[in-house]
There are 2 protein chains.
Amino acid sequence: MKLATLKSDRPDGRLVVVSRDLSRAVDAGAIAASLLDAVERWDDVAASLQALYERLNEQTGTGTADGSFLFDPAACAAPLPRTWQWCDASAFLNHGRLMERAFNTEPIPDFDTIPVMYQGASDDFLGPCDDVPLPDESLGIDFEGEFGVITGTVPMGASAAVALSRVRLLVQVNDWSLRKLGPREMKTGFGFLQCKPSTSFAPVAITPDELGGAWHDGRVKLDLHVQWNGAWFGNPNGAEMNYGFGQLIAHAARTRRLAAGTVIGSGTVSNESRAAGSACIAERRVIEIIDHGEPRTEFMRFGDRVSMAARDSQGEAPFGTIDQRVVRANPQA
Amino acid sequence: MKLATLKSDRPDGRLVVVSRDLSRAVDAGAIAASLLDAVERWDDVAASLQALYERLNEQTGTGTADGSFLFDPAACAAPLPRTWQWCDASAFLNHGRLMERAFNTEPIPDFDTIPVMYQGASDDFLGPCDDVPLPDESLGIDFEGEFGVITGTVPMGASAAVALSRVRLLVQVNDWSLRKLGPREMKTGFGFLQCKPSTSFAPVAITPDELGGAWHDGRVKLDLHVQWNGAWFGNPNGAEMNYGFGQLIAHAARTRRLAAGTVIGSGTVSNESRAAGSACIAERRVIEIIDHGEPRTEFMRFGDRVSMAARDSQGEAPFGTIDQRVVRANPQA
């Protein structure tokens, strides 16, 4: 099934079920107060949500029966506008190795055998069409196209198989980064904080069955199409992820249990083939350094747009599309 | 006023107002559904909670009038059993400098002028008397005694003064650490994840006015008394914090707004005077290395206890006491 959160006067928004073709939606507030509530009570609500989804799909095109309405991605918050936890990995080693060259950092020990993952901020996620307010154009504004999962509770020490069984929903992520702040934060050893502003999400969270064979081995095996100001930037495929989501969740749960509503990200989708392009500017820049001795692509400017949509073999975008504009934040006292 | 959260069948627990002497409590569910709800609607609920607090203090000792009951710290969850965000600094530079020597890491750039802070996990905080389940005794189990604040919403780019004005409550923290996992996670540059299991909190969150002059310049100027298995371990004072909480909150908010319910920690309380002892084992170990060429204190074993209580000049503990035991976690499939 497909779920989304419409903005409302409540901070967790209004849960809706969205038709498979993303054309229509229907309120699901009678089943769960929010998507976070639904994920926390998944076993109690999933069947009811699925039944509503099936009724909605049957009636698509027939009007507003049963209270359905046109689905508007611009009215969406992130599927979870806020949640208890967001951990983001760097599970495409091709990207990680390129970034090591970009930042001239020492190779990460055990990079091939232990995932690297940072604890991110989950208090304020942005919707798919929200403007992205940032304080300073000179900070190296960059997008990062990723896939992610929303989990139920995960016990401490869960195996990768148990962890994978706790995946409730799949999401598509734009993990905004301020590249000029990254190197110092990495050097402190304390990790990313200021260099990671609020993360953005595609409008629709989907159950894994929606992808058929494109969800396999804990990986989303779809091309992630990225456009910057309307121009092609890349379409890397999620199949090359070096750790599956089961392994990533188990990594996060090694020394503590995880609450339901935890979001785990893949890190920037990246393929070895140059023809696939990139899902973030920093990666393209390091390729330019390798090829030409210097970066030729600048970071984003205020007013720039980025769009991202994973697409299946029919060209459909199961998560909908992220389409955002970077803007100058209002200065504060 | 003083607030606590009793464990209940709801994940956010049951909000109670606690008497100044921590002897009695009264349910505050008619005012706010939880402490998180109260912090999110602070301007609407603070006066009602304060009035209830004053009535409770007036009747202390006179029995169960108005539904008050004996306050039992062992029945407490963390004041916020879970919340949207937890960021922990290392604001006592004496500690940070010692830890650099312990881990043999390069000095952090700008350590004296820019706070270091990591994004922690906020999905599963432990109560003051909860057993602390950990998977492996060999991971270097350590406590870290800290102070913290719970904030309202903070706008992006807030000044330290504005940030400080958003402090709603003060808390006392035990930031559990698994020291053997720290160095690798620092080397990745992605920061702490597995080496930071669930964080614990003293039973009572207090408004800053409760401390009188001991809350000054964004610092909690109290001795934090730490005992390990009943023996004195340290009583460093919060006054030596090199960055005040206003500066720490502003640091976290430089590139994004912060949601109400954000918890910001001071990092391990640490004093230059050796007579103050330490608030974590790792710091004592590095002092031993400096003095004797080798560490003489081992990390915690299963069954060990740690207690922590900030005390005022009358010996009272305004936050109550953390008193926890480390236990082996149940293995998972």
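Take B:Leu70 and decide whether it is open to solvent by 40 Å² or more (accessible area, probe 1.4 Å), of a type in the set (A, V, I, L, M), more than 14 Å from chain A (Cβ to nearest Cβ) and in contact with a strand residue (DSSP E or B) (Cβ under 8 Å, 6 or more places away or on another chain). For B:Leu70, the condition - open to solvent by 40 Å² or more (accessible area, probe 1.4 Å), of a type in the set (A, V, I, L, M), more than 14 Å from chain A (Cβ to nearest Cβ) and in contact with a strand residue (DSSP E or B) (Cβ under 8 Å, 6 or more places away or on another chain) - is met.
Within the option set B:Ser198, B:Ser159, B:Ser165, being of a type in the set (Gly, Ala, Ser), open to solvent by 10 Å² or more (accessible area, probe 1.4 Å) and closer than 21 Å to B:Ala282 by Cβ holds for one residue only, B:Ser198. Exactly one residue among B:Pro197, B:Pro183, B:Pro155 is in contact with a Ser or Thr (Cβ under 6 Å, 6 or more places away or on another chain) and farther than 30 Å from B:Ser313 by Cβ, and that residue is B:Pro197.
May I ask you to verify whether A:Gly315 is loosely packed, with under 14 Cβ neighbours inside 10 Å and under 20 Å from the mean Cα position of the chain (by Cα)? When the stated conditions are applied, A:Gly315 passes them. In the set (1) within 14 Å of chain A (Cβ to nearest Cβ); (2) over 30 Å from A:Asp175 (Cα atoms), B:Asn242 fails one condition alone, (1). Among the residues of the range A:94-116 satisfying the criterion of being over 26 Å from A:Glu288 (Cα atoms) and in contact (Cβ under 8 Å) with a residue 40 or more places away in the chain, which is least open to solvent (accessible area, probe 1.4 Å)? Filtering the range A:94-116 for residues that are over 26 Å from A:Glu288 (Cα atoms) and in contact (Cβ under 8 Å) with a residue 40 or more places away in the chain, the one least open to solvent (accessible area, probe 1.4 Å) comes out as A:Pro115.
Taken together, A:Ala46, A:Ala91, A:Ala77, A:Ala51 contain a single residue that is within 13 Å of chain B (Cβ to nearest Cβ) and either modelled with pLDDT of 95 or more or buried (at least 17 other Cβ atoms within 10 Å of the Cβ) (or both), which is A:Ala91. Within the range B:242-259, the set of residues being open to solvent by less than 10 Å² (accessible area, probe 1.4 Å), small (Gly, Ala, Ser) and over 25 Å from A:Glu137 (Cβ atoms) comprises B:Gly244, B:Gly246.
The values are calculated or read from the model by the stated rules, or taken from the named source; none is laboratory data. Bear in mind that the values here come from a model prediction, so they are computed numbers and not experimental data. Please note: Cβ atoms are built from the backbone with ideal geometry, for glycine as well, and neighbour counts cover all protein chains shown. Areas reflect the complete protein model, heavy atoms only, side chains present, ligands, DNA and RNA absent. Shrake-Rupley method; radii C 1.70, N 1.55, O 1.52, S 1.80 Å.
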